[in-house]
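Peer 1: Have a look at the structure that comes next, please.
Each reported figure results from applying straightforward, stated rules to the coordinates on display, with no laboratory input. Small disclaimer: the values here were computed from a predicted structure and weren't measured. Positions of Cβ are backbone-derived with ideal geometry, glycine not excepted, and every protein chain shown enters the neighbour counts.
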Amino acid sequence: MSPARRLGLATVLIVFLADQALKLWLLHGAGLAENGPFDLAPFLTIVLAWNRGISYGLFQQGTDIGRWLLVVVSFVVAIWLWRWMWRTNERFTVFSLALIIGGALGNGLDRAWYGAVVDFVHLHWGNFSWYIFNIADVAIVVGVLGLLYESLRPAGSKPA
């Protein structure tokens, strides 16, 4: 297996396992649902939110058909990105794709298992409130930003 593929596989596993482990601990270890939110900093609260949609709460689904459609889409996208990741040796592309894949699998498993994605990080300051998210969401956003950065780099700065 090439070094790029090992990097991709390791990144997918780390993102997926970290995301799921923290969600399991918050739900079953810390009892977030029973004990309610808690502050980690004046601007950071851990709070339980069930997201039945996609990023930023878009396309909220209230039916089983919608839920399972999002599950299927998550896994189909992960498979498509995996094929792309497996075919390239550019480490930055592999890493960015692996972040997205790990996040998509984590959120997809949540939808399949719980019926919604477990979100828990709430950033806020004064009257400003950012949306509630999780590790998988962060990985997906960073991965997409990585792909955008790479696509906008001048051709001369890309490896041959």
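Peer 1: Mind checking the dipole of the chain: about its Cα centre, +1 per Lys or Arg Cβ, -1 per Asp or Glu Cβ, Debye to the nearest 20?
Peer 2: In total the dipole reaches around 680 debye.
Peer 1: Right, something else. Based on Cα coordinates alone, diagonalise the gyration tensor for the chain, multiply each eigenvalue by 5, take square roots, and list the semi-axes in whole Å, largest first.
Peer 2: Three semi-axes, in Å: 30, 19, 15.
Peer 1: Also, I was wondering about something else. Run a plain Debye calculation on region 116-158 (Cα atoms as equal point scatterers, no solvent) and give log10 I(q)/I(0) at q = 0.20, 0.21 Å⁻¹, rounded to two decimals, same order as the q list.
Peer 2: Debye output, listed in q order: -0.72, -0.75.
Peer 1: To continue, here is another question. Using Cβ counts within 10 Å as a stand-in for footprinting exposure, how do H122, H28 rank, fewest first?
Peer 2: Working: H122 20, H28 10.
Arranged by neighbour count, lowest to highest, H122, H28 become H28, H122.
Peer 1: Expressed as an acute angle from 0 to 90° and rounded to the nearest 10, what is the orientation of the C-alpha long axis of helix 135-152 relative to the principal long axis of the chain?
Peer 2: It is inclined by approximately 30 degrees.
Peer 1: Now, a different point. Fewest Cβ neighbours within 10 Å first, please rank M1, M85 accordingly.
Peer 2: M1, M85
Peer 1: Treating the angle as unsigned and between 0 and 90°, give the value, to the nearest 10°, between the Cα long axis of helix 91-114 and the longest Cα principal axis of the chain.
Peer 2: Approximately 30 degrees, to the nearest ten.
Peer 1: Related question: Could you please report the charge total around P3, scoring K, R as +1 and D, E as -1 over all other residues with beta-carbon less than 12 angstrom from its beta-carbon?
Peer 2: Working: positive: R5, R6, R91; negative: E90.
Value of the local net charge: +2.
Peer 1: Provide Rg over Rh for region 72-133; use the alpha carbon set for both Rg and the Kirkwood Rh (inverse mean inverse pair distance).
Peer 2: My calculation of the ratio gives 1.13.
Peer 1: What is the sum of charges around W130, taking Lys and Arg as +1, Asp and Glu as -1, for the other residues whose C-beta is under 14 Å from the C-beta of W130? Provide the component values of the computation, followed by the final result.
Peer 2: Values: positive: none; negative: D119, D137.
Within the 14 Å Cβ shell, the charges total -2.
Peer 1: Compute the helix-to-body angle for 64-87: its Cα long axis versus the longest principal axis of the chain, expressed 0 to 90° and rounded to tens.
Peer 2: Helix 64-87 and the main axis of the chain meet at about 30 degrees.
Peer 1: Please return the longest range in the chain lying between exposed loop sites, taking chymotrypsin sites (Phe, Trp or Tyr not before Pro), DSSP loop only, at most 16 other beta-carbon atoms within 10 Å, and leaving the sites out.
Peer 2: Of all site-free stretches, the longest is 60-160.
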